[in-house]
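Rule-based calculations on the coordinates, nothing more; no lab input. Source: prediction; values computed, not measured. FYI the Cβ positions are ideal-geometry reconstructions off the backbone, even for glycines, and counts take in every protein chain you see.
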Amino acid sequence: MSLSKLFHPSTVAVIGASRKEGQVGREVFTNLIDTFPGDVFPVNPKADQLEGLKCYDSVTEIPEEIDLAVIAVPAGIVPGVLRECDQVGIGNVIVVSGGFKEVGEKGVELEREIAQFAKQRGINMIGPNAIGVISTGSCLNATFAQEMALPGNISFMSQSGAFCTAVLDWANEAGLGFNHFVSLGNKAVLDEVDLIREWDVDENTSVILGYLEGIDRGSEFIQAAREVTQTTPIVVVKSGKTEVGASAAASHTGTLAGSDSAYQAAFEQSGVIRVDTIEELFDFGSILAQQSPPESRKVGILTNAGGPGVMAADALEKYGLELAELEEETLEGLGKVLSALASRKNPIDLTGKANEEDYRKALDYVIEDDNVGSVLAMSAPAAIFSYPQLAEILAEAREKTDKPIVGTLMGGKLPDAAAESLKEAGVPNYFDPDRAVRALSALVDYGDVSKKKVTSPDQVLPEEVDLEAEVRALAERADGMIGLEGLGLLSRLGIPVVESWVARSADEAAAIAGELSAQLVLKVESPDITHKSDLGGVKVGVDPEEVTVEYEELLETVRENSGSSNLRLEGVRIQEMVKGEEVIVGVNRDPQFGPLIMFGLGGIYVEVLKDVAFRVAPVSRPEAEKMIKSINAYPILEGVRGGPGVDVDALVDIVQKVGQLACEVPEVSELDLNPIIVDSSGPRVVDLRMRLTQ
């Protein structure tokens, strides 16, 4: 599905072009005739002409082929207008009309009608409820915004129309240009997946920026973004971080997996750079549009003031960058330039006595250092320093190297005099050292994304196991909630489990314990209890000869703590006690992205410490390993104070298998393997909780 004529039409029809100033259709029409070099055809049955152009009663009466139609009529009329567009072969439409799903159920039905028709007929539709589309390469301003965008190599999309107009106004003031600028509206047909695919192959788009409130095609977005970010960086602000529906979840994973967890996981897996603020969005977008990623995370800092240099060094650690250790040749060269009071150690402090020529020579030495991946060139105002001349020095240096150079010319009006030179040279400039380093980190992080080898998840589950039959059999034995009776399925999938036995009486418990020699763990068996320990339903370290008494006490404790006379107690599960670190692997099903897999520290503290990581399943082996290593407590698993550490490879295997299980069996809506006891010899699942739904 090519969107070429959406962004580069030769002819545009404005359906609903009004004679009245201030009307949406009028503003769209006016913007088009002010900027667009092609033919514009107003459609308005109540007017003969508009701005000297003939008005047509219907788009079907226009004698020429129309590449793009902008629809600005009342919502109820849109379906008929869309059919007329299809009748004359118009394949691209922008519906700026409001009154659809944003206004209630009637609007939902109307939007569904036009979306179904457009999809059936292969019509590329932006909107409805959109501000429109700007494409500076074709001088197209098919919006009702008050301004045209400046030309540039950033393509931008937004679900918020108000955000679009605010950004456009700000960007024009800041001198920031765009290639394409799109208000997505309600995304009834075209959405962010279509746009990132189109812009990836657009030679005039270097960076994709977006403001998103939600993603409907989660799996497709991940797949598309993985491919696109190999060559084109994507930076996104995703609003709305509430944990919708978490309170209704029955598992630890479900409780911790708020709606934002899935988005964060999806962005990390697909290489999308997520930011929290508008400032970050455009700081990152600007530097990614101007410079290429460095070869390393090591930064050389050059400054004429010690304090800002220290601030920059602190920021490097904060954002995951490193101070470069300068080569001896560099240090010798700097020694010839700098005064006795200056510091040759990175950050290099030239002091306030340095002039422009000192700065030029020092900058050359730093750039030529093989240990330096990028350069942060800083300056505070000084009587012997001219910011315009310093800007020229940075611009000249930028021409001589592929290494990124970021400026921090501090001050108020003084840096303004140098701004144009820096902009033309592609050197971003920031007053705040922290902000400069933060922007540089985006460039470095994208370098890692572009170098990352995309690997597909492996087939890790044994093919001989009939998953559907196994799950169906489990579902028939419970009301949608599966407990330790599911351990058998895990074992058949090659996931190590602790062997267990269910005793229906104290005598049966004693008989089972008589065959065992190690200390035991007793767990109440009940389909009505989600977290056994909350009701005192777990006893640890029980000697085999004490099982009879402990059996009765366990059931009585649970009855008292539950306060329910209808609680179903089906006996006690007996397991041999194992020791090691406790971790959790879980699954929760996200409405947009599907199975969301979690790994973290397990046991009873998982919801307290919340030291967990999420990924969208299925996951490749490298992704599963990265996920495990990302939790704060990973050094514990790796081994501390000479400890042997745990079998991480075996945990990676479990994560992959649980992810594939959730993908192949959609009835698994929630799953906790908690705890999994793991040591150097390997992991074993001790407990599980699984919710099955239709």
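Worth pointing out:
- Kirkwood Rh (inverse of mean 1/r, distinct Cα pairs), the stretch 356-450, angstrom: 13.6
- Per-q log10 I(q)/I(0), the stretch 581-692, q = 0.12 Å⁻¹ (Debye; single scatterer per alpha-carbon; no solvent): -0.37
- Globularity ratio of the chain, using Cα Rg and 2.2 N^0.38 Å: 1.19
- Based on the convex hull around the alpha carbon atoms, the stretch 15-97 presents an average projected area of 5.0 nm².
- Extreme residue, positive dipole direction of the chain, given options PHE282, LEU535, ALA262 (C-beta unit charges): PHE282
- Spatially, the stretch 366-413 and the stretch 170-214 are offset by 31 Å when compared through their Cα centroids.
- Legend: translational diffusion of the stretch 4-239 by Stokes-Einstein, Rh = Kirkwood radius over C-alpha pairs, 25 °C, 0.890 mPa s; D = 138 µm²/s.
- Dipole size of the chain about its Cα centre, with +1 on Lys/Arg Cβ and -1 on Asp/Glu Cβ: approximately 1200 debye, rounded to the nearest 20.
- Summed side-chain charge close to PRO42 - residues other than PRO42 whose Cβ falls under 10 Å, Lys, Arg +1, Asp, Glu -1: +2
- Principal axis box of the stretch 542-626, alpha-carbon based, largest edge first, Å: 48, 32, 22
- Inter-centroid distance (Cα atoms) of the stretch 428-495 relative to the stretch 332-354, Å: 50
- Antiparallel %, DSSP beta bridges [both residues in the chain], to 5: 50
- Net charge in the neighbourhood of MET311 (other residues with Cβ under 9 Å of its Cβ; Lys, Arg +1, Asp, Glu -1) is -3.
- Fraction in percent of alpha-carbon pairs per bin - 10 Å, the stretch 465-508: 24, 48, 25, 4
- Pairs spanning more than 23 Å between alpha-carbon atoms, out of LYS238/LYS403; LYS318/LYS423; LYS187/LYS451; LYS345/LYS451; LYS187/LYS238; LYS20/LYS46: LYS238/LYS403; LYS318/LYS423; LYS187/LYS451; LYS345/LYS451.
- Distances between every pair of Cα atoms in the stretch 448-527, grouped in 5 Å steps from 0 to the bin holding the largest one, split as 3, 11, 16, 15, 16, 11, 10, 6, 4, 3, 2, 2, 0 percent.
- Cα-only radius of gyration and Dmax that characterise the stretch 292-451, units Å: 14.1, 45
- For the stretch 371-478, with +1 on Lys and Arg beta carbons and -1 on Asp and Glu, the positive-most of THR408, ALA442, PRO388 along the dipole: PRO388
- Span per principal axis, largest first, for the Cα atoms of the stretch 499-576 (Å): 35, 20, 20
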